[in-house]
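First comes the structure, then the notes that go with it.
Derivation of every value follows stated rules applied to the coordinates shown; laboratory data play no part. Just so you know, these numbers come straight off a predicted model, no measurement behind them. Positions of Cβ are generated from backbone atoms using ideal geometry, with glycine treated the same way; all protein chains shown enter the neighbour counts.
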Amino acid sequence: MNALRIRGGRRLNGEWSIHSAKNAVLPVLAASILTNDRVYLNDCPDLSDIRYMGEILQTLGCDVQTQNGMMTVDPQGLCRWEMPDELSKKIRSSIFMLGPIIARFRRATVTFPGGCEIGLRPIDLHLSGLRQLGVSILEEGGMIHCDGSRMRAGTVHFDYPSVGATENVMMAAVGLRGTTLVHNAAREPEIVDLQNFLCAMGARVSGAGTHTIAIEGVKRLHGVAYTPMPDRIVAGTLLAAAAATGGNVRLRNVPVQDLYAVFAKLREMGCSIDEDADAVTLHAPERLWAFHQLQTQPHPGFPTDMQVQMLALAVRAQGTSVVVENVFENRFTHAGDLNRMGADVMVNGRTAIVKGVDRLYGARVAARDLRGGAALAIAGLQAEGETLVEHVELIDRGYDKLEQMLGALGADICRICTDT
Ligand code: EPZ
């Protein structure tokens, strides 16, 4: 079992360049099977979720090579429309394969992806979107059998702007003759990035980033070399870590325009933030102010994937902060561990009340999900003494060697093997 060992009290200073985003690379990898030509993806981080998605593509018959951050997908050998059961359960984003497989084969068999610590993660909106395009779907014994033989371009409306469901319908519709309209689509930046990738392959998609996306079907997509967008959540996490330590950092290759909600909260807490076109510099005060209230919302509201990191900042801020998690049903899993470090977090359903304390103390804690694990690391940076964050494999799902990033910025952090 590996853990991150953190000795708190160091200010973070220095520079770091952000890699491509996990939540952009995963749908783009899925979309790579929409062509028979090779796809080259640059600057891909070495994350377990991305490795698993590559294994899924290989199981379907593709050749996937990774070298120095460049992923090459050769879909020539694509021959299967049934998703591998075990692999599908390992990563939630395996459900992103549904749309592309149906687009290629007009049928698909996938497993219900597992839920996880942060929620049940249902896929009813994914299935509703495909049914609205004429896909017949039979759910039986944990398997989903899709028949797309009668699917047509049409109009899809989502009850909730689901990121994954929007991406699945975009990919399913790229080859449908006519124009498909998606209403109440998710507006996350990763949706825009998927649109850019599909258009770079010759698709005709527009409107991503707004609530209505139009997909005009084309006969064929061609290969492409593409660099997925930088990871706004990794950038936000490093800014939060710097803010937690009274630090002064500059991040390069940052999607600045996608982080305004995070900048606003950090400024509210007393940080000064200078924005360039694709870089950001944060100077933090010795002690942060509480942010009073933070509500997570679909983009462009405050991103749920940054909620936990901001809560870890609030635990030592001056005053009381209220955090409301509107997107997932169980995203305060790490509150107990924070309280064991001396924090004062009270959770009631989707609301957490955080009374700022003067000091945190190092402790042995455990990650339960990837963003919660990052939040515990941020708490460890502020704590007196040594903190061990166990189950670092969960953090590795979304951060390519978090200890390397934080260490490069001056943290006293390393990865160790624990006996448990
Ligand atoms: C994507 O998950 C991201 N994952 C998540 O990042 C992110 O938190 C989420 O979008 C919201 O921004 C990837 O892109 C791989 P949703 P996704 O469908 O697509 C409910 C991380 O830490 N819902 O927008 O699963 C769902 O339960 C991860 O990097 C349904 O009810 O998010 C949730 O409450 C965590 N039915 C809400 O909608 C459905 O069919 C938002 O889910 C689908 C979703």
Could you tell me which residue out of 70, 2, 136 lies farthest along the dipole of region 2-146 toward its positive end? Charges go on the beta carbon: Lys and Arg +1, Asp and Glu -1, centred on the Cα centre. 2
Between the modelled labels at residue 157 and residue 293 (7 Å from Cα along Cα→Cβ) the distance in nm is 3.0
Provide the descending list of Cα extents for the chain along its principal axes, expressed in whole angstroms. 63, 45, 39
Computed over region 22-226, Cα set: Rg, Dmax in Å: 15.2, 42
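About the Cα centre, and with charges only on the beta carbon of Lys, Arg (+1) and Asp, Glu (-1), how big is the dipole of the chain? Nearest 20 debye, please. Each step should come with its number before you reach the end.
On the way: 41 positive and 46 negative charges, 101 e Å.
It comes to approximately 480 debye.
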Quick one: what does P(r) look like for region 17-112 with 5 Å bins over all Cα pairs, in whole %? 3, 15, 28, 27, 18, 7, 2, 1, 0
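Give, rounded to the nearest 20 debye, the magnitude of the charge dipole that region 22-226 has about its Cα centre when Lys and Arg contribute +1 at Cβ and Asp and Glu contribute -1 at Cβ.
Computed about the Cα centre, the dipole is about 680 debye.
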Dividing the mean separation of Cα pairs under 8 Å (6+ apart) by the residue count of the chain yields a relative contact order in percent of 21
Reachable lysines, given that their alpha-carbon falls under 21 Å from the alpha-carbon of residue 355 and they are not under 8 places away in the same chain: 265
Across the alpha-carbon set of region 223-326, Rg over Rh with Rh taken as the Kirkwood radius works out to 0.99
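Taking the Kirkwood radius as the inverse of the mean 1/r across Cα pairs, report the Rg/Rh of region 298-420.
With Rh from the inverse mean 1/r over Cα pairs, Rg/Rh is 0.95.
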Against the rule of thumb 2.2 N^0.38 Å, how large the Cα Rg of region 114-166 comes out: 1.23
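Once the other residues with Cβ under 12 Å from the Cβ of residue 44 are scored (Lys, Arg +1; Asp, Glu -1), what is the net sum? Walk me through the numbers before you get to the answer.
Values: positive: 22, 51; negative: 43, 46, 49, 231, 400.
My count for the surroundings of residue 44 gives -3.
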Name the residue from 210, 44, 414 whose Cα lies farthest towards the positive end of the charge dipole of the chain, charges +1 on Cβ of Lys and Arg and -1 on Cβ of Asp and Glu. 210
Using all C-alpha to C-alpha distances in region 76-121, build P(r) with 5 Å bins and read off the rounded percent in each one. 5, 23, 28, 22, 13, 6, 3, 1
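Given contacts defined as C-alpha pairs under 8 Å and at least six residues apart, what's the relative contact order of region 22-226, whole-number percent?
For region 22-226, the relative contact order is 20 percent.
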In the chain, taking the dipole from +1 charges on Lys and Arg beta carbons and -1 charges on Asp and Glu beta carbons about the Cα centre, the listed residue (174, 269, 14) farthest towards the positive end is 174
Helix-only mean residue ellipticity at 222 nm for the chain, each DSSP H run of n ≥ 4 adding -39500 (n - 2.57), per residue, nearest 500: -8500 deg cm²/dmol
